[in-house]
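K.L.:
My questions all concern the structure below.
The values are calculated or read from the model by the stated rules, or taken from the named source; none is laboratory data. The structure presented is a predicted model; accordingly, all values stated were derived computationally and were not measured. Cβ placement follows ideal geometry from the backbone for every residue including glycine, while neighbour counts extend to all protein chains displayed. We work out accessible area using only protein heavy atoms, side chains counted, and drop any ligands, DNA or RNA first. Shrake-Rupley method; radii C 1.70, N 1.55, O 1.52, S 1.80 Å.
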Amino acid sequence: MRNEIRFLLGHEMRSLRSVDPTMTVLDYLRQDERLVGTKEGCNEGDCGACTVVLARLVDGGLRYEAVNACIQFVGTLDGCQLLTVEHLVGEDGSLHPVQQAMVDCHGSQCGFCTPGFVMSLFALTRHSETVPDDGVIDDVFAGNLCRCTGYAPIVRAAGQAYELKPRQDHIAAREAETIAALGRLADTETVAVGDGERRFFAPATADALAELFEANPEATIVAGSTDVGLWVTKEMRRLDTVIYLGRIAELARIEEGADGIEIGAGINYTEAMATLARHYPDMGEVIRRLGSVQIRNAGTIGGNVANGSPIGDSPPLLIAAGAMLHLRRGDARRSMPIEDFFLDYGKQDRAPGEFVEKIVVPYPAGGTRFRAYKIAKRFDQDISAVLAAFQLWLDGDEIKEARVAFGGMAATPKRAPAVEARLAGSPWNEDTVQAAMAALEQDFTPITDWRASADYRLRVSQNLLMRCYVETTDATQDTRLVGDRSLAHV
Amino acid sequence: MRSEPVPPSRFGLGQSVRRVEDQRFLTGHGRFVDDFQFAGQVHAQVLRSPHAHAEIRGIDVTAATELSGVVAVLTGDELAADGIAVIPPGATAQNRDGSDMFVPPRPALAQGRVRHVGEPVAVVVAESIEIARDATELIEVDYETLPAVTDTGSAMDPGAPQLYEGAPRNQCLDWEKGDRAATEAAFAAAAHVSSLELVNSRVVVNPVEPRACIGLWDADGGSFTLYNSGQAAHNVARTLATAVFQLPMERLRVISPDVGGGFGTKNFIYPEQVLVLWAARRLGRPVRWTAQRTEGFLSDTQGRDHVMRAELALDGDGRFLALRIVTTANIGAYVSTFGAMIPTNPVAVVLGGTYDIPAVHYHVREVLTNTVPVDAYRGAGRPEAAYAIERLVDLAAAELGLDPVALRRRNFIRPKAMPYKTAMGSVLDCGEFARVLDRALGQADAAGFAARRAESERRGRLRGLGVASYFEATLGPPNERSAVRFEEDGTVTILVGTMSNGQGHETTYAQILHQRLGLPFEAIRFVQGDTGAIPSGFGHGGSRSMQIGGNALLLAADLIEEKAKRIAAHHFEAQEADIELASGACRVVGTDLAVDLMDLAKIARDPSRLPEGMAPGLDAAGDYAREATTFPNGAHIAEVEIEPETGVVHLRAYHVVDDFGTVLNPMITMGQVHGGVAQGIGQALMEHTVYEGETGQLLSGSFMDYCVPRADDMPTLEVAFEAVPTKTNALGVKGCGEAGCIGALPAVINAVVDALKPLGIRHIDMPATPERVWRAIRAATSGD
Ligand SMILES: Cc1cc2nc3c(=O)[nH]c(=O)nc-3n(C[C@H](O)[C@H](O)[C@H](O)COP(=O)(O)OP(=O)(O)OC[C@H]3O[C@@H](n4cnc5c(N)ncnc54)[C@H](O)[C@@H]3O)c2cc1C
Ligand code: FES
Ligand code: FES
């Protein structure tokens, strides 16, 4: 056991012993460190005014990630370097290239969103050696709201920043030092801080996690904190015991195993995306539109599944792909087809002390078509009104088998048995599609809320089946929702 | 401008000077209200009504008061007992019959009844914000809920729930302007009448910085200081001091430091300002409050919310004869500072737009509903007018089978007709509307649109081109004082009563002074938003700052020049007439005798070196009063592509040509247009304020539920300036802050409707969300 959290704030070491388990990084910066450059615009992960960058030690190098300070707990900083807008300024007070570019392009008006954009842009320059196209830049900024500038000047600033050699800055100059310092912090002790009733644990191994959680089944597991953070900041829930997964290397993996793609419960969307997209391009596309860069840098598929929301984006994808969910409690393990996990609204098949270990997604067999569509009010960073995922095994023109799943259409993410039955064994043609569209009405009676009416949900879902048909049969059709936008992988 | 010609300078007018304020904004050193800390401070949390309409039967604060760390729990009873007066509106209007409008009392904490979700009911002050939040949950309020009304169109229905006894049918104002008889006569004689029911949707303003304030009380001096995230320090100070706390204005200082965007909503007097000051006085400790985003959604004034019936009368040649608009404006549960005024004259003043329309009549009824109060939002009244007019013109063109551009050209007020007096009495001194529109059409390659539409059709998509010729009048208080102070340390301070909250005033005012007097740009400092440092001011709003404050600064500079020449003449023992001011120095013409203005400022401090009877100091203040309203105008062209199966609207291109008169800093001005257009696009396509009918709950109460545009939602935007400088002020400026938002609403919706026109769709209300568009397509194609 280690009873302190250790991290670098800029280049200064911090060790904290008495930490409230749900104190956010934002409150810590603004209140304890009085570093007020990082702003609070929503406290819900939506606006990006609080964006900071975390540098983590990965394979001997540093990986920089923009995250929302407002929904991350201080304990999750353990072993990282935390960089804020204040740290970008050179030691002589000179502006960092990304800051200078924002000045040159008039990327700041009121200045309130600015530190967040600066940090998102700084993170981009660490990921991409050369200036990416505008689609990627839009994606990088999807998690940053600006009400003043209309964004174009900020997008231009991203291009301009690359003219100013942003990767050759004082932070890069001290990278070796940072790597060494973070290296000294790495250990396999379980971190346990807090006092009395309110405790924060960060085990470093899956076994330690299993033991801890079994012993403290009332604890709240935190992976990326993109759901849990909001329980605290928005719903004002009090969480006394928190167990954080982020230090467990075994869970933070995605592997192409014998039976399929093994998604560790702790791997975030950003890291999982490329592998998934390689086998299922449409999964990549949906993930690219899930949340924002900041959310994807923290949020996990494991958390999305465990949370069990009917509008979570990954469950329908995983159901249509035929994924298996692997759970563990103490030393006991079990697995199930992922659709069986979702029992009812807010209710999943998970025992106290039991956690998601991994999700295994079979590789697509030859002759399958996999399509997924997200319908929302806005392209980026929006909750789905409907998420549809289709997988069809075709033998020539005949559909051998179909797996169809929807989010947003029922109290849980759910398969569409009537549609599947209507498709299986039929020729893949327009008549079949029409019949399957009709069958959808037996599978779902969606609700009307103000986000979308029942009618819209149902008809659009039917239309998506037709769109899937058109796309899989006529390669020249440009009917994707993502449409003319290239898949932006950052 | 009357200044001597100065050599072109990097920092002069017309240059895209980099912003002075950016150094601190980019490094995280901007100082916004929430960034200030005070010794002994305590934190306030407001308990808000969960009901849209309810009687308060009782409030039990016992448990909250007992929580450790709670310093005070205050309700409307204490407020009344302490004699804190209600928050008055800043402007009211008179009914058509000459009587005063109905203004309900608005106490800072509800007394007896709540009328919108989010209305303050109690305030907890505690040692930490967490404790204050916990304590609000311990307050027990006994509510008896009442039926609520939130919908604008039905607020006046018989049987609709009533908010106030004094406002039968919830109507608080019945106002009109224009010649009703002439308008009716023109309609009666018209060859064609186009008529449209439309909604100018309600918008949640959402500046990224939440509202915040800190109240301080100085017991010795008996005076208050308020740190306020605001757009109008003096107005806030004046109202709070004189009306609410009944003190002389000098005893309430308002400081507005860096402000993270306002767009109108931070101009106003809010209950929380009263609460932090009042609590600070009761407790003798600094009291701070910062809105959470959810609170912002429930308590920042919202924008627009007009339901209109708009009609245009045309003769057989397609000439406009008359315009008639009947509006119901929803101003929310209380009359906010300018809430009652915005739907009146600010709409009327631009009715008629860029067109020669002989008769115009405008009739508005304002209704009180169980919603958050509505007040000025970027454009304030003028977008409502421009949207109605430009939608009508497109509709008329469609109904008559005319080209909408040709119809506009036929009816534009011609340059030769200037000065032109509109039917509403506005006098335009200049404007070249056809030239501006033609340039925009060229920029947008309107000629190539048919081919682009055909290409979209091949892909199963609907394409539309929307044109809007917008017309704005700059408004806001007509006066301003700008002062210049020469400091001992060799810097020069500009003090203004206007209030930048992102518009780059620190830079543009300095450019004006630099250009006019040749003072070194780097030596110029800037002060705004502090009633303790600046004697008077009228803040931000109506695109007024450069026009009023900028011209006031020119007047101050005139006085400085006069004084400087006098002192220089005395210094060199020359005639005043022989002194010229150039490049920041006074010189004796034809000699090499010269003295720098900075040195003159030093000389000016020493009475012994001044001419007889001259007061020391080179400082000066200029008072400017607007001589004539200015009329920014321009053309917006939007091009959209729609997916029929889902109703998703893609904005493919967006073009703007603006006539703002003289442009002082093109980079900053461009920024204003970009930002305004983004907000307009937001309202037109995605920002959807949804109140649940029966309960009056705001359903779209977070950024996740209320879509403001993100980077990806913005099309490529091209902006050009076609300046027709006005002669009505020395700078030649017309104003630029709101224009983008005014042109965008009709341009975008005209484009959407243009795309849907082949299906027989004649109108779609904002926001044109995917579901709404899909629904319209479905109704048009399936007949249900
Ligand atoms: C701004 C914003 C945008 C978002 N956009 C989207 C979106 O577009 N689509 C979408 O689907 N979601 C979205 N979300 C929701 C959220 O990001 C996802 O649900 C995310 O996948 C949650 O993962 P996490 O790791 O952050 O989970 P956490 O918040 O850490 O945890 C979520 C839940 O899962 C539990 N949990 C986590 N890991 C495990 C485990 N291994 N075993 C057992 N229980 C576990 C936690 O206890 C908690 O109950 C958004 C959230 C925000 C704040
Ligand atoms: S404060 Fe808005 S995302 Fe964190
Ligand atoms: S500059 Fe004001 S919100 Fe971005």
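K.L.:
Taking all protein chains as present, what is the carbon and sulfur share of the accessible area of the range B:369-443, in % to the nearest whole number, probe 1.4 Å? Walk me through the numbers on the way to the answer.
P.N.:
On the way: 1250 of 2310 Å².
In the range B:369-443, the share of accessible area belonging to carbon and sulfur is 54 percent.
K.L.:
Whole-Hz Karplus ³J(HN,Hα) for the range B:188-198, in order, using 6.51 cos²θ - 1.76 cosθ + 1.60 and θ = phi - 60°, x for Gly and Pro?
P.N.:
Using θ = phi - 60°, the values come out as 4, 8, 6, 7, 8, 10, 9, 9, 9, 9, 9 Hz.
K.L.:
Additional query: Can you tally the net charge around A:T188? Count Lys and Arg as +1, Asp and Glu as -1, for every other residue whose Cβ sits under 15 Å from the Cβ of A:T188.
P.N.:
Working: positive: A:R2, A:R6, A:R184, A:R247; negative: A:D78, A:D187, A:E189, A:D207, A:E211, A:E250.
Net local charge, A:T188 excluded: -2.
K.L.:
Students sometimes get this wrong: rank B:R408, B:R10 by accessible area, probe 1.4 Å, all chains present, largest first. Don't skip to the end; give the middle numbers.
P.N.:
Details: B:R408 0, B:R10 170 Å².
Result of the area sort, largest leading: B:R10, B:R408.
K.L.:
Would you pull out the residues with amide H under 5 Å of B:V492's amide H, same chain only if 5 or more places away, H placed 1.01 Å from N?
P.N.:
B:E487, B:I524, B:R525
K.L.:
I need to check one value: relative contact order of the range A:368-473, counting alpha carbon pairs closer than 8 Å and at least 6 residues apart, in percent.
P.N.:
21 percent
K.L.:
May I pose another question? Counting only protein heavy atoms, what percent of the accessible surface of the range B:444-534 is carbon or sulfur at a 1.4 Å probe?
P.N.:
Working: 1430 of 2830 Å².
About 50 percent, which is the carbon plus sulfur part of the accessible surface.
K.L.:
Would you be so kind as to list the residues of the range A:46-85 that have their accessible area lowered by at least 40 Å² in the full protein complex compared with their chain by itself (1.4 Å probe)?
P.N.:
Hits at the 40 Å² cut-off: A:D46.
K.L.:
Using a Förster distance of 51 angstrom, determine the FRET efficiency expected from the C-beta separation of A:Q434 and A:A332, and round it to 0.05.
P.N.:
Numbers: r = 48 Å, r/R0 = 0.93.
Step by step, r from the Cβ atoms, then E = 0.60.
K.L.:
Next up: What whole-number value in Å² describes the accessible area per residue of the protein assembly as shown for a 1.4 Å probe?
P.N.:
Values: 42200 Å² over 1274 residues.
In whole numbers, the protein assembly as shown has 33 Å² accessible per residue.
K.L.:
How would A:M102, B:M670, A:M1 line up by accessible area, probe 1.4 Å, largest first?
P.N.:
Working: A:M102 0, B:M670 60, A:M1 135 Å².
Descending accessible area places them as A:M1, B:M670, A:M102.
K.L.:
Then there is this: Multiply the residue gap between B:R24 and B:D403 by 0.36 nm, knock off their C-alpha separation, and tell me the result in nm, one decimal place. Kindly include the intermediate steps, with their values, before the conclusion.
P.N.:
Details: separation 379, 0.36 × 379 = 136.44 nm, distance 5.06 nm.
131.4 nm is the gain from fully extending B:R24 to B:D403.
K.L.:
Each residue of the range A:107-122 in order: what ³J(HN,Hα) in whole Hz does its phi give by Karplus 6.51 cos²θ - 1.76 cosθ + 1.60, θ = phi - 60°, with x for Gly and Pro?
P.N.:
x, 10, 10, 6, x, 7, 7, 4, x, x, 5, 4, 6, 4, 5, 4
K.L.:
Short version: which residues of the range A:350-385 lose at least 40 Å² of accessible area, all chains versus chain alone, 1.4 Å probe?
P.N.:
A:K377, A:R378
K.L.:
At a probe radius of 1.4 Å, what is the per-residue accessible area of A:T473, in Å² to the nearest 10?
P.N.:
Approximately 70 Å² for this residue.
K.L.:
Can you list the HN-Hα couplings for the range A:10-17, worked out from phi with the Karplus curve (6.51, -1.76, 1.60; θ = phi - 60°), rounded to whole Hz and with x for Gly and Pro?
P.N.:
These are the phi-based 3J(HN,Hα) values: x, 10, 9, 6, 10, 10, 10, 9 Hz.
K.L.:
For the pair B:Q41 and B:E144, what calculated FRET efficiency results from E = 1/(1 + (r/R0)^6), where r is the Cβ-Cβ distance and R0 = 22 Å, to the nearest 0.05?
P.N.:
On the way: r = 37 Å, r/R0 = 1.68.
Approximately 0.05, to the nearest 0.05.
K.L.:
Exceeding 32 Å between C-alpha atoms, which entries from my cross-link table qualify? They are A:K234/A:K414; A:K234/A:K358; A:K358/A:K400; A:K39/A:K414; B:K177/B:K734; B:K266/B:K757.
P.N.:
Numbers: A:K234/A:K414 28 Å; A:K234/A:K358 29 Å; A:K358/A:K400 29 Å; A:K39/A:K414 39 Å; B:K177/B:K734 25 Å; B:K266/B:K757 40 Å.
Table pairs above 32 Å Cα-Cα are A:K39/A:K414; B:K266/B:K757.
K.L.:
May I ask you to list the lysines whose Cα is less than 24 Å away from that of B:K565, ignoring any residue fewer than eight positions away on the same chain?
P.N.:
B:K602
K.L.:
Quick one: net charge around B:T662, please, counting Lys, Arg +1 and Asp, Glu -1 for every other residue with C-beta under 13 Å from its C-beta. List each step's numbers first, then the result.
P.N.:
On the way: positive: B:K727, B:K734; negative: B:D658, B:D659, B:E722.
Cβ neighbours under 13 Å give a net charge of -1.
K.L.:
Now, a different point. Among all the lysines, which ones have a C-alpha under 18 Å from B:K416's C-alpha, if same-chain residues fewer than 8 places away are not counted?
P.N.:
Excluding near neighbours in sequence, the set is B:K727.
K.L.:
Quick one: if the Förster radius is 51 Å, what FRET efficiency do A:S94 and B:D218 give, using the C-beta to C-beta distance and rounding to 0.05? Can you show the working numbers first?
P.N.:
Working: r = 41 Å, r/R0 = 0.80.
The value I calculate is 0.80.
K.L.:
Roughly how many percent of the accessible protein surface of chain A is carbon and sulfur, given a 1.4 Å probe and a whole-percent answer? It would help to have the intermediate numbers written out before the result.
P.N.:
Details: 7820 of 16690 Å².
In chain A, the share of accessible area belonging to carbon and sulfur is 47 percent.
K.L.:
Please give the residues from the range B:18-34 for which the solvent-accessible area of heavy atoms, probe 1.4 Å, is smaller by at least 30 Å² with all protein chains in place than with the chain isolated.
P.N.:
The answer is B:R18, B:R19, B:D22, B:Q23, B:F25, B:L26, B:T27, B:G28, B:F32.
K.L.:
If you don't mind, there's one more thing I want to ask. List the residues, sorted by chain then number, that are 5 or more residues from A:V222 or on another chain and whose placed amide H is less than 5 Å from its amide H.
P.N.:
Under 5 Å from the amide H of A:V222: A:I243, A:Y244, A:L245.
K.L.:
Still on this structure, I have one more. Work out, step by step, the length gained on full extension between B:M156 and B:A779: first 0.36 nm times the residue separation, then minus their alpha carbon distance; give nm to one decimal. Walk me through the numbers before you get to the answer.
P.N.:
Working: separation 623, 0.36 × 623 = 224.28 nm, distance 2.90 nm.
Value of the extension gain: 221.4 nm.
K.L.:
Same structure again: Buried accessible area between B and A (1.4 Å probe, both chains summed, ligands and nucleic acids excluded), in Å² to the nearest 100? The partial results should precede the final answer.
P.N.:
Values: alone 28570 and 19820 Å², together 42200 Å².
In total, chains B and A hide about 6200 Å² from solvent.
K.L.:
What is the distance in Å between the Cα centres of the range A:178-238 and the range A:1-75?
P.N.:
Cα centres, the range A:178-238 to the range A:1-75: 14 Å.
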